[in-house]
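All remarks here apply to the structure that follows.
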Amino acid sequence: MLIQVCLYFYCKFLWRCLKFVMRKLTGRCELQRICYSTKPGASRTMKIETSLRDSKSKLLQTSVSVHSDAIEKTIEDIMELKKINPDVNPQLGISLQACLLQIVGYRNLIADVEKLRREPYDSDNPQHEEMLLKLWKFLKPNTPLESRISKQWCEIGFQGDDPKTDFRGMGLLGLYNLQYFAERDPAAAQQVLSDSLHPKCSKFSKAEWEKKRMEKAIGYSFAIVGINITDLAYNLLVSGALKTHFYNIAPEAPTLSHFQQTFCYLMHEFHKFWIEEDPMDIMEFNRVREKFRKRIIKQLQNPDMALCPHFAASEGLINM
């Protein structure tokens with residue numbers, strides 16, 4: 001343990017020495033070198049974020065957590081601290097502002113998502129009830145819901161006759177995501193729902209079924225899987241794994257809409273992945289989910305990765 005601590009401080013000391021030498025040789029601070037030598041997107045923003053966070057300057061350290069309205073003033077303070085003339089280096093201020101908008105926006109997005117996750121579903125809240133009924137309407141437009149408490153909810157993948165009990169883990173966030181998917185692309189959502197309920201009702205020929213070994217075609221509970229994928233998206237966000245994706249697709253601050261689009265993409269991709277894995281039964285869900293999670297994380301380790309740059313949920317949908 002002591003050796004590791006000593007090694008950490010030794011490496012940190014060497015890194016500071018290297019930064020000092022580079023500044024003397026190039027005449028530019030680390031922030032300038034990053035902005036001038038790294039293309040916009042996750043590669044640049046993540047390097048800027050690391051540089052600011054690891055700086056010995058309190059101003060630079062706190063710049064990653066300032067209020068959005070204070071970003072412009074923060075950039076001015078950084079330029080003054082680094083003795084950089086904004087008239088001579090106008091592009092630097094623009095690049096730093098874009099990076100800080102993404103960095104601060106990501107932190108704010110976590111707060112927004114966490115707020116929804118912590119808010120429980122309340123059947124006495126008219127807005128909550130309206131969202132739930134809209135979910136049914138978007139998924140089953142030709143089938144009226146007989147009553148609020150009904151076994152019909154199982155038809156869209158809830159576990160019982162009252163969906164509110166299924167939202168306990170993810171709170172309103174699960175409902176927000178499911179409704180977003182169903183409303184934004186009802187055709188795709190309805191197709192995935194249909195496949196999850198009737199996996200053998202497919203457009204594949206018998207020969208294609210045999211070739212793909214899909215005779216058993218195990219389905220899954222659409223709504224429950226949606227809540228589970230919400231949990232996956234939430235953990236990817238909080239862990240920072242989604243920074244690569246959001247910093248590449250959001251030119252400024254990532255928003256809740258970006259998060260919900262990512263959820264749609266994950267639902268779409270999990271749907272295809274479930275078919276590819278061809279599980280023996282629903283008890284294999286956790287294995288399939290974990291394998292899917294590892295694949296997404298591996299993709300996100302690529303600094304150029306954008307999970308859904310132009311995602312349309314119905315494009316390329318694979319039917320079970």
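The values are calculated or read from the model by the stated rules, or taken from the named source; none is laboratory data. All values derive from a computational prediction rather than experimental measurement. Ideal geometry is used to build each Cβ from the backbone, glycine not excepted, and the neighbour counts take in all protein chains shown. With ligands, DNA and RNA removed, areas are computed over all heavy atoms of the protein, side chains included. Shrake-Rupley method; radii C 1.70, N 1.55, O 1.52, S 1.80 Å.
Here the 3J(HN,Hα) profile of segment 181-191, calculated from phi with Karplus coefficients 6.51, -1.76 and 1.60 at θ = phi - 60°, is 4, 5, 7, 5, 9, x, 4, 5, 4, 5, 5 Hz, Gly and Pro shown as x.
A simple rule links phi to the HN-Hα coupling: the Karplus curve 6.51 cos²θ - 1.76 cosθ + 1.60 with θ = phi - 60°, which for segment 240-256 gives x, 5, 7, 4, 3, 5, 5, 5, 8, 9, 9, x, 10, 7, x, 10, 4 Hz, with x for Gly and Pro. Extending 7 Å from the Cα toward the beta-carbon at both residue 252 and residue 299 defines two label points whose distance is 2.8 nm. Annotation: amide H of residue 121 within the under-5 Å range of 172, sequence separation 5 or more or interchain, hydrogens built in the peptide plane.
Each of 293, 168, 148 has its accessible area taken with a 1.4 Å probe; listed largest first, they run 168, 293, 148. Along the positive direction of the dipole of segment 231-304 (beta-carbon charges: Lys, Arg +1; Asp, Glu -1; about the Cα centre), which of 297, 271, 286 reaches farthest? Looking along the dipole axis, the top candidate is 297.
Packing here is the average count of other Cβ atoms within 10 Å per residue, and on that basis the peptides 67-74, 236-243, highest first, run 236-243, 67-74.
Compared with the direct C-alpha span, the chain from residue 87 to residue 73 gains 3.4 nm at full extension, assuming 0.36 nm per residue.
Top to bottom by accessible area (1.4 Å), largest first, where do 118, 289, 184 land? Walk me through the intermediate numbers first.
Values: 118 170, 289 35, 184 95 Å².
My answer, sorted largest first, is 118, 184, 289.
For segment 124-299, the dipole from Cβ point charges (+1 on Lys and Arg, -1 on Asp and Glu) about the Cα centre works out to 560 debye, to the nearest 20. For the residues 170, 46, 305, 283, a 1.4 Å probe over the protein chains yields an accessible-area ranking, largest first, of 283, 46, 305, 170.
When both segment 124-142 and segment 43-60 are represented by their alpha-carbon centers, they are found 44 Å apart.
The mean sequence separation of alpha-carbon pairs under 8 Å and at least six residues apart, normalised by the residue count of segment 41-155, gives a relative contact order of 21 percent.
Just need the relative contact order of segment 124-299 here, percent rounded to a whole number, with Cα pairs under 8 Å and 6+ apart.
Working: 147 pairs, mean separation 37.8, N = 176.
Relative contact order comes out at 21 percent.
Binning all Cα-Cα separations of segment 27-117 at 10 Å, short to long from zero, yields these whole-percent fractions: 17, 52, 25, 6, 1. Accessible area of residue 99, 1.4 Å probe, to the nearest 10 Å²? Near enough 0 Å² of accessible area. Here the peptides 126-134, 271-279 are ranked by packing, the mean other Cβ count within 10 Å, and the order with the highest first is 271-279, 126-134.
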